[in-house]
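**Student:** The structure under discussion is supplied below as structure tokens; questions concerning it will follow.
The values are calculated or read from the model by the stated rules, or taken from the named source; none is laboratory data. The structure displayed is predicted, hence computed values, not measured ones. Note that we place each Cβ from the backbone using ideal geometry, even for glycine, and neighbour counts take in every protein chain shown. Heavy atoms of the whole protein, side chains included, go into the accessibility calculation; ligands, DNA and RNA do not. Shrake-Rupley method; radii C 1.70, N 1.55, O 1.52, S 1.80 Å.
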Amino acid sequence: MGKAERRFSTKMVAFAVTMSAIANVLGLLSIPAGPMKIHFMQLPMILTGLAAGPLAGGFVGFVGALVMAFTTPMGLNPYVPFGNAILGSLTGLFYSRLRKMKGPPVVGQLISVLGAFVVQAPYTYVTDVYLMFMPPPAVMWILIALFLEDLMSVLICHFILYRVDVEKIL
């Protein structure tokens, strides 16, 4: 099966929809950590971006953040799904370029997620501060939490991808 057929196969669609559902459930669960809450909503987005590419990663990022968009402390934040679509799609895009990099795969995975975060962070800051009128210190705490969540998520994803050949399944 070619790359184009695999991208839109029934298995790929089922995988993306399942990951979106898991992301929405994980968005409701959080762990208090001082002034911020840690959640693992990004885990399915990053996993999908790394395993299935930028299109599926962006889809899971957008659809998987819909519940979070409605449950933020500030009420509705319609910019959350777009920020997570950036994370999922750019993780997939960067990793598609770094996949063949020499060395342990976790290095390429970390670089991909950190690269996506570097693009997502200004988007999040601008939308939260200037469009949602959140105080800048609160947004900085959100960005710190996102950074930590992304790092933890990519390490968990690496463990999953090391144990399970998701690409072969899809």
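**Student:** Somewhere in the stretch 73-89, is a residue among the small types (Gly, Ala, Ser), out of contact with any Lys or Arg (no Cβ under 8 Å at 6 or more places or on another chain), open to solvent by 60 Å² or more (accessible area, probe 1.4 Å) and not in a helix (DSSP H, G or I)? First the steps, then the outcome.
**Tutor:** Step one: filter the stretch 73-89 for residues among the small types (Gly, Ala, Ser), giving 75, 83, 85, 88-89.
Pick out the ones that are also out of contact with any Lys or Arg (no Cβ under 8 Å at 6 or more places or on another chain) and you get 75, 83, 85, 88-89.
Remaining after also requiring open to solvent by 60 Å² or more (accessible area, probe 1.4 Å): none.
Scanning the stretch 73-89 turns up no residue that is among the small types (Gly, Ala, Ser), out of contact with any Lys or Arg (no Cβ under 8 Å at 6 or more places or on another chain), open to solvent by 60 Å² or more (accessible area, probe 1.4 Å) and not in a helix (DSSP H, G or I).
**Student:** So, one more: Picking from VAL129, VAL67, VAL107, VAL113, which residue would you name as being farther than 15 Å from VAL17 by Cα, assigned to a helix (DSSP H, G or I) and open to solvent by 40 Å² or more (accessible area, probe 1.4 Å)?
**Tutor:** Just one listed residue meets the conditions, VAL107.
**Student:** Give the number of residues within the stretch 91-104 that are open to solvent by less than 70 Å² (accessible area, probe 1.4 Å) and either assigned to a helix (DSSP H, G or I) or under 16 Å from GLY58 (Cβ atoms) (or both).
**Tutor:** Of the residues in that region, 7 qualify.
**Student:** Residues in the stretch 22-45 that are open to solvent by less than 10 Å² (accessible area, probe 1.4 Å) and either assigned to a loop (DSSP other than H, G, I, E, B) or in contact with a Gly (Cβ under 7 Å, 6 or more places away or on another chain) (or both): how many?
**Tutor:** Of the residues in that region, 4 qualify.
**Student:** Still on this structure, please answer the following. Being without any contact (Cβ under 8 Å) to a residue 60 or more places away in the chain, farther than 24 Å from ILE142 by Cα and of a type in the set (Phe, Trp, Tyr) narrows it down to one of TYR95, TYR79, so name that one.
**Tutor:** TYR95
**Student:** So which residues in the stretch 144-166 are of a type in the set (A, V, I, L, M) and either open to solvent by 10 Å² or more (accessible area, probe 1.4 Å) or farther than 18 Å from TYR123 by Cβ (or both)?
**Tutor:** Within the stretch 144-166, ILE144, LEU146, LEU148, LEU151, MET152, VAL154, LEU155, ILE156, ILE160, LEU161, VAL164, VAL166 meet the criteria.
**Student:** Looking at ALA85 and the list (1) more than 24 Å from VAL118 (Cβ to Cβ); (2) within 16 Å of the chain's Cα centre (by Cα), which single condition is not satisfied?
**Tutor:** The one condition ALA85 does not meet is (1).
**Student:** Looking at (1) touching a strand residue (DSSP E or B) at 6+ places or on another chain (Cβ under 9 Å); (2) at pLDDT 95 or above, can you tell me which one ILE38 breaks?
**Tutor:** ILE38 satisfies every listed condition except (2).
**Student:** Going through ILE169, ILE111, ILE142 one at a time, which residue ends up being at pLDDT below 95, farther than 30 Å from LEU76 by Cβ and of a type in the set (Val, Ile, Thr)?
**Tutor:** Exactly one of ILE169, ILE111, ILE142 is at pLDDT below 95, farther than 30 Å from LEU76 by Cβ and of a type in the set (Val, Ile, Thr), namely ILE169.
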